1. How are the alpha carbon pair distances in the range 22-63 distributed across 10 Å bins from zero to the largest one, expressed in percent?
2. Per-residue HN-Hα couplings for the range 43-53, Karplus 6.51 cos²θ - 1.76 cosθ + 1.60 at θ = phi - 60°, whole Hz, x for Gly and Pro?
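None of the figures in this text is laboratory data; all of them are computed from the coordinates on show. No experiment lies behind these values; they were computed from the predicted model shown.
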Amino acid sequence: MNINDFVILPGSKTGTSVKLKAKTVRELQLEKVQLETENEEMEKRLRQLKSNMSREKEERKASSAYHWKSGQARPMTIQAQVLSQRRENSNKV
């Protein structure tokens, strides 16, 4: 921003800075059209991404090669036992 784009208007004790209107109505309309176009493109990409994610989710569900099973008790690995002991020891301190 350039300091010349602002002007100080008397009207209060400190003055008020107001940005001068540099854009014409035509430039604003062109900017509006451009923003609307970009918005539509982004929405289209979002819909496509959602569609791809849904399709991939269905494919994973159909293949069910890897299925998460929660709530099953298994013996802890050595690393998990060490971490558990460290946590208990740090809580005691």
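1. 26, 26, 19, 15, 10, 4
2. In residue order, the calculated couplings are 5, 5, 5, 5, 4, 5, 4, 4, 5, 4, 5 Hz.
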